[in-house]
Amino acid sequence: MENKALTFEIKAQSSECNARRASLTTKHGICETPMFMPVGTLASVKFVSPEELYSIGSQMILSNTYHCWLRPGNQVIKAAGGLHTFMNYERPMLTDSGGFQVFSLSKMRKIEEEGVHFRHHLNGSPLFLSPEQSIQIQNDLGADIIMSFDECPAYPSTHTYMKASVERTLRWAKRGKQAHQRPDDQALFGIVQGGEYADLRELSARTLAEMDFPGYSIGGTSVGEDKATMYQMIDLSIVHLPKSKPRYLMGVGSVDAIFAGVERGVDMFDCVLPTRIARHGAAMTSTGRINIKKSDYEMDFTPLDDACDCECCQKYTKAYLRHLMRCNEGLGMRLLSIHNLRFLLKMMEDIRSSIETDTFQACKRRYFEKFGIDHIDHKGF
């Protein structure tokens, strides 16, 4: 079935693995994949303006349904004309369903067939979220791509619990699709769950594929499992998803995990990692990760990364960045956030080029060697 909200065209395929190069078109523009999406949880990528996001090559950003629902409220954002107008971001946007936050931020929750009862993570007040409400909130927010409401079970979970969870999430996906009021301008993705269980990943992926969503997300990863298990979860999911539609690996932003995902045929990634570690003084550079707060950089008047073209590296020195971060200055957090995002966005540009020239594995080896990442056990970045 043709989808008016999103088109996806594969441009090149690696002969070495399942990596593919594609274009994803929405009403707010075209995104080249594989791509990394900066995270703007509260309708803002922390410390980084939309104009700065444009300058570093951001194509699509993610905002969070749960947080925007609570503050400022989906009705406020709807009255403003949607997220794009509210935060003045002109390029494509994606919202998650709120499911992960419901299960990660609230310790007191009760799951029912109708939805989830839980507590506000800030003031403890009772809240309820159903698949229909999640889709309604996302319809109000107006992102180009939206997510089905799912349960994100803890890792590890028993097969018995995971089976019941997957079956309920599939029923929620059907209800959410039926409740979707803007299918012509918002593409709704289904989310594959199932933990590390092959039969449940297959059940989830195949059932969602039969529902004919415009795209699919691989969920339930980066929730405490080791990297080998995470890669197994991707393998068990992606093999049952349509090759003609985009695949999105949720919440993944480390160098090794991104390459592992692309290698398996993933098109989209998001994570708070680059901005979160920036706020603590960590920088992702072409020679590896560094902590700019260290005394080594007190008298270092060279750029943070000679190979980077971002504002931070073109205009400021390590010594100045160290000073800013040690004094807890917001400018330091902003500059490091810009740099870390640019690093990952540039890495995705290199990955796309390597798929076009069929040199993906050489690109992967180059990045792994820079960071000392083991090719076998994929030690984290």
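For the condition closer than 23 Å to Phe128 by Cα, within 20 Å of the chain's Cα centre (by Cα), β-branched (Val, Ile, Thr) and buried (at least 24 other Cβ atoms within 10 Å of the Cβ), Thr65 qualifies. Residues that are modelled with pLDDT of 95 or more and within 21 Å of Leu188 (Cα to Cα) number at least 3 in the following strands (runs of 3 or more DSSP E) confined to segment 1-116: 7-13, 20-26, 29-33, 35-37, 61-63, 93-95. When the residues of segment 220-238 are filtered to those that are touching a residue at least 60 places away in the same chain (Cβ under 8 Å) and in contact with a Cys (Cβ under 9 Å, 6 or more places away or on another chain), the one that is surrounded by the fewest Cβ atoms within 10 Å (Cβ to Cβ) is Val223. In segment 356-368, the residues that are aromatic (Phe, Trp, Tyr) reach residues that are surrounded by fewer than 17 Cβ atoms within 10 Å (Cβ to Cβ) and not in a helix (DSSP H, G or I) with C-beta atoms within less than 7 angstrom, at least six apart or across chains, in these pairs: Phe360/Glu16; Phe360/Cys17; Phe368/His375. Of all residues in segment 294-312, those that are touching a residue at least 60 places away in the same chain (Cβ under 8 Å) have Cβ atoms under 7 Å from Cβ atoms of residues that are β-branched (Val, Ile, Thr) and assigned to a helix (DSSP H, G or I), 6 or more apart or on another chain, in Cys310/Ile338; Glu311/Ile338.
Does Thr26 count as open to solvent by less than 30 Å² (accessible area, probe 1.4 Å) and more than 22 Å from Pro131 (Cβ to Cβ)? Yes: the conditions hold for Thr26.
Of the residues making up segment 204-216, those that are open to solvent by 10 Å² or more (accessible area, probe 1.4 Å) and either within 22 Å of Ser130 (Cα to Cα) or in contact with a Phe, Trp or Tyr (Cβ under 8 Å, 6 or more places away or on another chain) (or both) are Thr207, Ala209, Met211, Asp212, Pro214.
If you check Leu105, Leu127, Leu122, which single one turns out to be open to solvent by less than 70 Å² (accessible area, probe 1.4 Å) and closer than 20 Å to Arg71 by Cα? It is Leu127.
The condition of being over 25 Å from Gly40 (Cα atoms) and aliphatic (A, V, I, L, M) holds for only one of Leu249, Leu208, that being Leu208. The residues of segment 150-200 include none that are outside any helix (DSSP H, G or I), acidic (Asp, Glu) and free of Cβ contacts under 8 Å to residues at least 40 places away in the same chain.
The values are calculated or read from the model by the stated rules, or taken from the named source; none is laboratory data. Treat the numbers as computed from the prediction; the structure is a model and nothing was measured. All Cβ positions, even for glycine, are placed from backbone atoms using ideal geometry, and neighbour counts span all protein chains on display. Remember, those area values only see protein heavy atoms, side chains included, never the ligands or the DNA or RNA. Shrake-Rupley method; radii C 1.70, N 1.55, O 1.52, S 1.80 Å.
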